[in-house]
């Protein structure tokens, strides 16, 4: 069981904290707003009202002892930056910070954040891809060049093996997993067959994935 601290109990922060707690982890939620802290207390191990911009307060809460700190502060850029900076200076190994914009993200990286999350941008990307092709269930942009996609099997792929489909050669896609109902086939073999309604988890270049979207959306 890992220990997580979530700084900022807005909708995004509470959602992250609740998910981590439901997965069996020890979660501390921190916010300056008493009402938000009370709301979060129902979903986490501990919830504390505290000044998230005060280094001494965060030190007393033992932030340095947590495996991961998520700075989930939204519109208050100063608080977001200071909380991230303090967490890193106190020695937290992994600090993940929410950013409102590309510039905000660059500043957070400069002061030591290990990973930046853009919830609004990322959700917009996923919704856009789903609208283009209804069989695209999820889309994660790893970088400007590569992405991971969950896609319902295209009809012309059904009842064919991966060897027959030659997806890396014909589509530039590598199959990471095949989901069939509650069963997940991780690292499938070349002789594994694609059936109707199978969900494929694939990784490939953004350019190749766009080609799949166009063909599947037609």
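In region 51-69, of all residues being crowded, with 18+ Cβ neighbours inside 10 Å and assigned to a helix (DSSP H, G or I), the one that is farthest from the chain's Cα centre (by Cα) corresponds to 58.
Only residues that are buried (at least 18 other Cβ atoms within 10 Å of the Cβ) and more than 16 Å from residue 83 (Cβ to Cβ) were counted across region 23-39, and they come to 1. Of the residues making up region 11-29, those that are in a helix (DSSP H, G or I), in contact with a strand residue (DSSP E or B) (Cβ under 6 Å, 6 or more places away or on another chain) and under 13 Å from residue 42 (Cα atoms) are 17, 21.
The criterion of at least 2 residues that are buried (at least 16 other Cβ atoms within 10 Å of the Cβ) is met by the following strands (runs of 3 or more DSSP E) wholly inside region 162-205: 173-180, 199-205.
Can you say whether residue 156 is at pLDDT 85 or above, in contact with a strand residue (DSSP E or B) (Cβ under 9 Å, 6 or more places away or on another chain) and over 30 Å from residue 78 (Cβ atoms), as far as the supplied structure shows? Show your work before the answer.
Details: at pLDDT 85 or above: yes; in contact with a strand residue (DSSP E or B) (Cβ under 9 Å, 6 or more places away or on another chain): no; over 30 Å from residue 78 (Cβ atoms): yes.
Answer is no for this residue.
Applying the selection to region 90-110, what residues are touching a helix residue (DSSP H, G or I) at 6+ places or on another chain (Cβ under 8 Å) and either loosely packed, with under 15 Cβ neighbours inside 10 Å or not assigned by TED's automatic domain parsing to the domain that holds residue 7 (or both)? Answer for region 90-110, where residues must be touching a helix residue (DSSP H, G or I) at 6+ places or on another chain (Cβ under 8 Å) and either loosely packed, with under 15 Cβ neighbours inside 10 Å or not assigned by TED's automatic domain parsing to the domain that holds residue 7 (or both): just 91.
For the condition crowded, with 24+ Cβ neighbours inside 10 Å, touching a residue at least 60 places away in the same chain (Cβ under 8 Å) and either over 21 Å from residue 118 (Cα atoms) or over 20 Å from the mean Cα position of the chain (by Cα) (or both), residue 83 qualifies.
Considering only residues that are modelled with pLDDT of 90 or more and part of a loop (DSSP other than H, G, I, E, B), look in region 70-85 and name the one that is farthest from residue 5 (Cα to Cα). Please lay out each step first, then the result.
First, pick out the residues of region 70-85 that are modelled with pLDDT of 90 or more: 70-73, 77-85.
Checking which are part of a loop (DSSP other than H, G, I, E, B) leaves us with 72-73.
Working: 72: 10, 73: 13 Å.
Ranking the qualifying residues of region 70-85, first place goes to 73.
Among the residues of region 32-50, is there at least one that is without any contact (Cβ under 8 Å) to a residue 24 or more places away in the chain and under 16 Å from the mean Cα position of the chain (by Cα)? No; the residues of region 32-50 include none that is without any contact (Cβ under 8 Å) to a residue 24 or more places away in the chain and under 16 Å from the mean Cα position of the chain (by Cα). Criterion first (part of a helix (DSSP H, G or I), in contact (Cβ under 8 Å) with a residue 12 or more places away in the chain, in contact with a strand residue (DSSP E or B) (Cβ under 9 Å, 6 or more places away or on another chain) and farther than 17 Å from residue 9 by Cβ) does residue 88 satisfy it? So residue 88 passes the test.
The values are calculated or read from the model by the stated rules, or taken from the named source; none is laboratory data. Only a predicted model underlies this, so the values are computations on that prediction, with no experimental measurement involved. Neighbour counts are summed over all protein chains in view; Cβ atoms, including those assigned to glycine, are modelled from backbone coordinates with ideal geometry.
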